[in-house]
1. Could you look through the range A:285-303, keep only residues that are aliphatic (A, V, I, L, M) and under 30 Å from A:Ala357 (Cα atoms), and pick out the one that is farthest from the other protein chains (Cβ to nearest Cβ)?
2. Can you tell me which residues in the range A:211-224 are in contact with a strand residue (DSSP E or B) (Cβ under 6 Å, 6 or more places away or on another chain), open to solvent by 20 Å² or more (accessible area, probe 1.4 Å) and not in a loop (DSSP other than H, G, I, E, B)?
3. From the list A:Glu314, A:Glu335, which residue is within 12 Å of another protein chain (Cβ to nearest Cβ), under 30 Å from A:Pro254 (Cβ atoms), modelled with pLDDT under 90 and part of a loop (DSSP other than H, G, I, E, B)?
4. For residues that are under 17 Å from A:Leu320 (Cα atoms) and in a loop (DSSP other than H, G, I, E, B), scanning just the range A:248-284, find the one that is farthest from the other protein chains (Cβ to nearest Cβ).
5. Among the residues of the range B:62-76, are any modelled with pLDDT under 95, crowded, with 20+ Cβ neighbours inside 10 Å and under 25 Å from A:His189 (Cβ atoms)?
6. Among the numbered criteria (1) surrounded by 22 or more Cβ atoms within 10 Å (Cβ to Cβ); (2) within 14 Å of chain A (Cβ to nearest Cβ); (3) in a strand (DSSP E or B), which one does B:Ile16 miss?
7. Can you pull out every residue in the range A:337-364 that is among the hydrophobic types (A, V, I, L, M, F, W, C) and open to solvent by less than 30 Å² (accessible area, probe 1.4 Å)?
8. Applying the selection to the range A:122-141, what residues are loosely packed, with under 11 Cβ neighbours inside 10 Å and within 29 Å of the chain's Cα centre (by Cα)?
Amino acid sequence: MDLAHSQSEHDDPARDRILIVDDQASSRLLIGSVLEAAGYTCLAYAGDGVEAIEWLAANTADIVILDIRMPRMDGFEVCREIRCRLALDLPILVQTGIQEADCRVDAFKVGASDIVSKPLNPGELVSRVRLHLERRRMIGRLQRYQDRMEDELRAAQSMQLALLPGPEDVAAILQPRGAAMTTFYRASHMLGGDLWQVFPVDGTRFAVFMVDLSGHGVSAAINAFRVNMITAGLVRERADPDRWLAALNRALVPILPVEHFATAFYAVIDAAAGEMRYAVAGAPPPLILRGDGGWEELPGRGLILGCLADAEYECSSVQLGPQDQLFAYSDALYEDFENPEASLGAGDIAIAVQAEAAAGNDAFSARLLTRLFGRPDAEFRDDLTFLLIGLNAP
Amino acid sequence: MEYRSEFTGSPVVVMIEGVLTFDDHERFRELVGILADQAPGPVVFDLSGLTMIDSAGIGMLIMANDRIVKRGGGLRLRGVSGQVAKVVELSRIEQLIPID
């Protein structure tokens, strides 16, 4: 996009709207003629503060040139009205014959942008007007740019959220297969590199996949979209976690830049048979929370995805009882870079998850975050995802 | 992140200290640039003074390895401990970069 050609862009002084406020007709005329000589022809005049505020309430100005000592409403009051009640951010150039430092400080305090002394120096007046108008144009340009970026990020964010399965999608796959899942996802920079999915494998089994693309923000999100496209095609491998991750890895190696990679966990769960087969690629090992109160960190490790085309992954298996639960999470949950000593261990997480899961599914994620970090909207430096899968749906 | 090295000898040993995260990207690239110019042979990153690393940090190690291997050298890591050892172990990067 080319900012230099955005709509309200212009270098034409005749299009800058200037309001001149002074109770002396001779002063108004003097300022007006100086500005006109410099090409500023779009001028409006007010004879005191009340007139100025009335005019500003009905019209738009790009800058105000304001006298301080005026009947009815003085310049200080006009400044306050403009900033507080009208909430305008236009530049206010105060002109004053009072030389005391106090008056100047007071003018800035109530919102003046700059001060010119009377008697006016025509060259200085024009220079200051030009400077403030240019500054205003630049701020406007940055503001419009920022607004547009935010709009685009918001649009991308809703696209990314739409990648994640909704509660109905999850229930449609898990419920008939004897399981239920509670999920949480939050990107640290609007867009993120975390993604999770569920797939049906056959009549009794389903697969769950969680991935964390390195980095955050836009580039990580683009890679998350790529992963989403790749995994849609990994259908033949769905029943085999090791083959599935190896195939995803092979597809990612040519796509991801050298210093980018992904960590992932993929599991095939058979609730009826009480078995889970899984493979891990650099992801934090998920936890099994046993129905009897015990917990274990799943063994099995594998190379991060996207670095080595012929990397192999190991398939492990674990028995799951009807009251057991699986908790998978991204590293943002336990890593605390501000305060490394405060980083959580698997045991801290297991105990917190068990306590909150025992209290039911309602608001589980908010309660877990509150228990671990003091509040449900705690901020994280990285994208955070966690999944809690129970085999015995209530 | 801070690094210290004489950039002489074989291997060239670089002490990497502090915390290696996304914020150190520029500084780390500067280090890799110096190594590319001044260290044609094998390189060792001594991480015994490194207390924490994030996924971007792991990515930077992989990038350094790629650059060093491509110009005919080799990179090894040593002195990993604590959180760094845990992340390195989870990521299995010893399959890419040998760890002493």
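The values are calculated or read from the model by the stated rules, or taken from the named source; none is laboratory data. What you are looking at is a predicted structure, and each value in this text was computed from that prediction instead of being measured. Cβ atoms come from the backbone with ideal geometry, glycine included; neighbour counts cover every protein chain shown. Remember, those area values only see protein heavy atoms, side chains included, never the ligands or the DNA or RNA. Shrake-Rupley method; radii C 1.70, N 1.55, O 1.52, S 1.80 Å.
1. A:Leu289
2. Looking only at the range A:211-224, we keep the residues that are in contact with a strand residue (DSSP E or B) (Cβ under 6 Å, 6 or more places away or on another chain), and these are A:211-213, A:216-218, A:220-221, A:223-224.
Narrowing the set further to residues that are open to solvent by 20 Å² or more (accessible area, probe 1.4 Å) leaves A:216, A:218.
A:Val218, the sole residue that qualifies.
3. Numbers: A:Glu314 fails: modelled with pLDDT under 90.
Result: A:Glu335 is the single residue among A:Glu314, A:Glu335 that is within 12 Å of another protein chain (Cβ to nearest Cβ), under 30 Å from A:Pro254 (Cβ atoms), modelled with pLDDT under 90 and part of a loop (DSSP other than H, G, I, E, B).
4. Ranking the candidates gives A:Ala272 first.
5. yes
6. Result: B:Ile16 passes all but (2).
7. Going through the range A:337-364, the residues among the hydrophobic types (A, V, I, L, M, F, W, C) turn out to be A:337, A:342, A:344, A:346, A:349-353, A:355, A:357-359, A:363-364.
Scanning the range A:337-364 gives A:Phe337, A:Ala346, A:Ile349, A:Ala350, A:Ala352, A:Val353, A:Ala357, A:Phe364.
8. Just the residues of the range A:122-141 that are loosely packed, with under 11 Cβ neighbours inside 10 Å, to begin with: A:123, A:138.
Across the range A:122-141, the qualifying residue is only A:Met138.
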